[in-house]
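Since the structure comes first, as structure tokens, the remarks are kept for the end.
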Amino acid sequence: MLRKIAFLFLFLLSYSINAQSTLPIIPKPKLLSLKETPPFSITKQTILIAPKGNLEVQYLQEVIQKQLGFELEINPVPKKSINSITLTLNPLLKKDSEEYKININSKEINIEAFNSTGHFYGIQTLNQLIEYYSNTNSPIPALTIKDQPKFKWRGMHLDVARHFFPKSDIKKYIDYLALYKMNVFHWHLTDDQGWRIEIKKYPKLTSIGAFRKESMVGHYNEQRLDGKPYGGFYTQEDIKEIVAYAKQKHITVVPEIEMPGHATAALAAYPEFSCTGGPFEVGTKWGVLDDVFCPNENTMRFLKEVLDEVLPLFPSEYIHIGGDECPKTRWHQCAKCQALIQKEGLKDEHELQSYFVSQIEKHINNKRKKIIGWDEILEGGLAPNAAVMSWRGTEGGIAAAKAKHFVVMSPGSHCYFDHYQGEQKTEPLAIGGYTPLETVYDFNPIPTELSAEESNYILGAQGNVWTEYMEDFAKVEYMAMPRMAALSEVLWGKDSYSNYANFKNRLLLHFSLLDKMKVNYSKALFEVKANISASENHLLQVELVAANPSSSIFYTLDESQPTSNSLLFAKPITIEKNTTLKAASFEGATQKSAILEQKFETHLATAATVSLKEEPSNSYKANGAFSLVDGMYGDRGKFGRDWIGFSGKDAIATIDLGSLKKVNSITIDVLSSPASWIYYPKQITVSYSENGIDYSTERNIAVQEIESSKGVVKVEIPSAYIRYIKVNAFNQGKIAEGNPGAGEPAWLFIDEIKVE
């Protein structure tokens, strides 16, 4: 008997773990246990039971109507029914934890919570369960869920300044946040390219500032404009409607009113608040523009009066004031700014920015609100009560937390959803970078550099959706989804920061819900991915991976299209010569993924041992040092995964060819895109050695030669026998005044080092 009980216990434990792994609930609940009892069926006779005045039960009624096509009766008093869904208020649950419990048996689904927020999150979980089991015409299994989030700030950002989206789209975006139990919508309302919020005291902010004469098309590097007027804005009534809608979904709307930089649209309307007096036009190109607010008394009065209209519209604790990418060019040249620096005893323009932020913070604090800004507000000293949103890596967030300021983590390496998420050749145009789903999922908002006490200052994190390259809401959906789902699980709290396979399996099942919602989500997950490495004998080796492990991958090496009759991938593919690999996943004869196409150009250094003195940035690390010898060349129009980037650092690479080889030339690929703060190296030196100790310098290449070669620098070698090659690409350092990102560290991008 005891053996039978033990066996049953182990069986149920295994069943529970398996259910926890496969039920497509995102974010994953803290605890989910299946019961060995009959399941629950929702029928037209099911009754919804909730206390009077409970608004969540009406939402639950809407969810079931959308999912199952019928409307259920709501009754505050339990009837003699054996089939009901009950919302129960449980005062014993933690008051501020957003905690909920779900108990399902054959007669009832009971969702317990301390308050309506917990009920709402329980309904979102039930929504996903209903969709999953209704697809298979199955009842919902008996189970118990106990769940609550880890982080207080679980956010998503949306930029409506570069491209404007109507109220209906904003509400859809809020619905997506609600689906994943996110609770902050960061609404980026103003920038150089458009002012999107009505300010009644300053009507020209929208009559002029909300409209530009044309917009960029293609990538910034192409410098093409469409000649079509563009614009739009939200009235204060629109704002109230959207804030109220978000409140129903238990989401706080945090507005962003950019200052002191990213102000061209405002200055086009009111040039008197600039350093030069204008005239200006609303920005038509992307990037960072030099004209910013002049921090004199008149400007500060203007901004305070603007904020006096903004603050009552948003009940949020925090107001975002931007503070990022503020060029100091105009301030440096402005007599009024220099006089203010002298008067206030400030050291430089960076302290002037801190002074500006502090003045705004005092005004907002007097209105019983707090400010949050991008991590540049740390420069020159942080305002006393400000919170920091860390986007240039995690360093700013670490510094702020150590100084006992609250932090929202949003590093470009993991949280910028305007980056590419799949194979750039098949992806729609993006600003650059490569942030696939797995990278988002592997994010840990709490840096290891922080102590337990300092970690308490990390409020959470958010994903950012900048819309320069998102001209319509379908593109916003494509870039945000399903990366939003991955981030939601990070912020709800994961049991492991490396269990991506489990998340992916649940996501594959979860996609049917997004299909039902008609979400234009990215299918990058379904792509066949190629993992490139070096074999033991220094040849390129390609491992192909499909999203669904049960799929078969077929490939070709002769430039023909793969079919189910092509070569079946069973072991790593060795690349020994110039080759075009094409691959796709199949289930039977049906192709399930887009075709992966990758060209390889081999040379003497292909798959050689390579090392870097400095590691590339986490935001642009590709395959690390190996990216320099992997036979794949970066797309100059799409700054994606094949480029490695260094912020303010030199790229110093050493290649070991393995033995002495006759070398005739060395070619280095570097990139320039000033609008993205990417600059050619100021100099490249190439040296070589037989023994790795004694190097002879063959060439010093100045920036002028790099520019004339359009970033493809070829160094001829007089038929030398070489084993070791050292390439030093020297970073430009700080970006010069008058350029986008002036005063910030320049980026240096480098790709293949070709040896022939």
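The values are calculated or read from the model by the stated rules, or taken from the named source; none is laboratory data. Note that the structure is a prediction, hence the values are computed from the model and not measured. Glycine also receives a Cβ, built like all others from the backbone with ideal geometry; neighbour counts cover every protein chain displayed. Just so you know, the surface numbers come from the protein's heavy atoms only, side chains and all, with ligands and any DNA or RNA stripped out. Shrake-Rupley method; radii C 1.70, N 1.55, O 1.52, S 1.80 Å.
Where the centre of each part is set by its Cα atoms, how far does the stretch 665-699 sit from the stretch 288-332, in angstrom?
Centre-to-centre (Cα) distance: 42 Å.
Give the residue list of trypsin sites (Lys or Arg not before Pro) in the stretch 69-143 that are DSSP loop and have at most 16 other beta-carbon atoms within 10 angstrom.
Here the sparse-neighbourhood loop sites are 79, 80, 94, 95, 107.
Check each of the GluC sites (Glu not before Pro) in the stretch 340-438 and keep only those in coil by DSSP with at most 15 other C-beta atoms within 10 angstrom; list them in order.
Filter output for the stretch 340-438: 344.
Can you tell me the length gained on complete extension of the stretch residue 709 to residue 664, counting 0.36 nm per residue apart and subtracting the Cα distance?
Roughly 14.3 nm would be gained on extension.
Would you please classify the overall shape of the stretch 255-371 from the alpha carbon gyration tensor, given that a ≥ b ≥ c denote the square roots of the eigenvalues, rounded means a/c under 1.5, and beyond that prolate means a/b larger than b/c while oblate covers the rest?
Cα axes put the stretch 255-371 in the oblate bin.
Suppose R0 equals 45 Å; then what is the FRET efficiency for residue 576 and residue 224 from their Cβ-Cβ distance, rounded to the nearest 0.05?
Calculated value: 0.65.
Under unit Cβ charges (Lys, Arg +1; Asp, Glu -1), what dipole magnitude, rounded to 20 debye, does the stretch 204-345 have relative to its Cα centre?
Dipole of the stretch 204-345, to the nearest 20 debye: 160 debye.
Between residue 204 and residue 297, take the C-beta separation as r, use R0 = 25 Å, and let me know the FRET efficiency to the nearest 0.05.
Calculated value: 0.75.
Relative contact order (percent) for the stretch 513-583, with alpha-carbon contacts under 8 angstrom and 6 or more residues of separation?
Normalised by residue count, the contact order of the stretch 513-583 is 27 percent.
In the stretch 208-256, what trypsin sites (Lys or Arg not before Pro) fall in a loop by DSSP, with at most 14 other Cβ atoms inside 10 Å?
Passing sites in the stretch 208-256 are 213.
Determine the per residue accessible area of the stretch 102-167 with all protein chains present and a 1.4 angstrom probe, expressed in square angstrom.
With the other protein chains kept in place, the stretch 102-167 gives 29 Å² per residue.
Could you check the simple spin-label distance between residue 94 and residue 568, using points 7 Å along Cα→Cβ, in nm with one decimal?
It is 5.1 nm.
Enter the accessible area per residue of the stretch 641-695 (Å², integer; probe 1.4 Å; all protein chains in place).
Here the per-residue accessible area is 35 Å².
Carbon and sulfur together cover what percent of the accessible area of the chain at a 1.4 Å probe radius?
Carbon and sulfur together cover 51 percent of it.
For a quick check: with amide H placed at 1.01 Å from N, whose amide H comes under 5 Å from residue 644's, ignoring anything fewer than 5 positions away on the same chain?
Hits under the 5 Å cutoff: 750.
In the structure displayed, which of 150/181; 494/523; 649/734; 621/649 lie more than 18 Å apart, Cα to Cα?
Cα-Cα > 18 Å for 494/523; rest within.
Please report the accessible area of residue 208 (heavy atoms, 1.4 Å probe, ligands and nucleic acids excluded) in Å², nearest 10.
Residue 208 exposes around 70 Å² with every protein chain in place.
Pull the list of the chain cysteines that no other Cys approaches to under 4.7 Å, Cβ to Cβ.
326, 415
At a Cα cut-off below 18 Å, give the aspartates and glutamates reachable from residue 577, other chains included and same-chain residues fewer than 8 away excluded.
Within the straight-line limit of under 18 Å, residue 577 reaches these aspartates and glutamates: 536, 543, 558, 559, 597, 601, 630, 752, 756.
How many nm is it between the label spots at residue 62 and residue 150, if each spot is 7 Å from the Cα in line with the beta carbon?
Going from the residue 62 label point to the residue 150 one covers 3.1 nm.
Give me the distance between the Cα centres of the stretch 36-114 and the stretch 602-654, rounded to whole Å.
54 Å
Dipole of the chain, Cα-centred, from +1 at each Lys and Arg C-beta and -1 at each Asp and Glu C-beta, to the nearest 20 debye?
So the magnitude is around 2340 debye.
Cα to Cα, under 12 Å, and not fewer than 8 places away if on the same chain: which aspartates and glutamates meet these conditions relative to residue 710?
Straight-line reach from residue 710, under 12 Å: 669.
For the chain, what is the calculated [θ] at 222 nm in deg cm²/dmol (nearest 500), taking -39500 (n - 2.57) for each run of four or more DSSP H residues and dividing by its residue count?
-8000 deg cm²/dmol, from helical runs alone.
Can you check what the net charge comes to around residue 216, using other residues whose Cβ is under 13 Å from the Cβ of residue 216 (Lys, Arg +1; Asp, Glu -1)?
0
Show me the helices of the chain, taken as full DSSP H stretches, that run 27 Å or more along their long axis by Cα and average 0.0 or above in Kyte-Doolittle hydropathy.
2-22
For the stretch 207-214, what does the Karplus curve 6.51 cos²θ - 1.76 cosθ + 1.60, with θ = phi - 60°, yield as ³J(HN,Hα) per residue in whole Hz, taken in order and with x for Gly and Pro?
Ordered by residue, 3J(HN,Hα) equals 5, 10, x, 8, 9, 10, 6, 6 Hz.
Rounded to the nearest 0.05, what FRET efficiency do residue 501 and residue 425 have when you use their Cβ-Cβ distance and R0 = 25 Å?
Taking R0 as 25 Å, the efficiency between residue 501 and residue 425 is 0.45.
Where a ≥ b ≥ c are the square roots of the eigenvalues of the C-alpha gyration tensor, would you call the chain rounded, which needs a/c under 1.5, or, failing that, prolate if a/b is larger than b/c, or oblate?
Since a/c reaches 1.5 but b/c is at least a/b, the shape of the chain is classed as oblate.
How large is ³J(HN,Hα) for each residue in the stretch 264-281, as worked out from phi by the Karplus curve 6.51 cos²θ - 1.76 cosθ + 1.60 (θ = phi - 60°), to whole Hz, x for Gly and Pro?
4, 4, 5, 6, 4, 7, 9, x, 5, 9, 9, 7, 9, x, x, x, 10, 10
Treating cross-link reach as a plain straight distance, find the aspartates and glutamates whose alpha-carbon is under 16 Å from the alpha-carbon of residue 66, omitting any fewer than eight places away in the same chain.
56, 131, 175, 515
Report the label-to-label distance for residue 52 and residue 623 in nanometres (one decimal), using points 7 Å from each Cα along the Cα→Cβ vector.
Inter-label distance under the simple model: 6.8 nm.
In the structure shown, do any of 146/529; 582/613; 171/516; 249/475; 167/370 have a Cα-Cα gap over 25 Å, and if so which?
Table pairs above 25 Å Cα-Cα are 146/529; 582/613; 167/370.
Counting every Cα pair in the stretch 434-528, what percent are over 18 Å apart?
Every Cα pair in the stretch 434-528 considered, those over 18 Å come to 52 percent.
Could you pull out every residue, at least 5 positions away or on a different chain, whose amide H is within less than 5 Å of the one on residue 661? Hs are placed 1.01 Å off N in the peptide plane, and Pro or chain starts have none.
722, 723
Enter the Cα centre distance for the pair the stretch 433-457 and the stretch 232-263, rounded to the nearest angstrom.
Taking the Cα centre of each part, the stretch 433-457 and the stretch 232-263 sit 27 Å apart.
How high is the relative contact order of the chain? Use alpha-carbon pairs under 8 Å, at least six apart in sequence, and give a whole percent.
Result for the chain is 9 percent.
Quick one: putting +1 on the C-beta of Lys and Arg, -1 on the C-beta of Asp and Glu, what dipole do you get for the stretch 313-417 around its Cα centre, in Debye to the nearest 20?
Dipole magnitude for the stretch 313-417 comes out near 400 debye.
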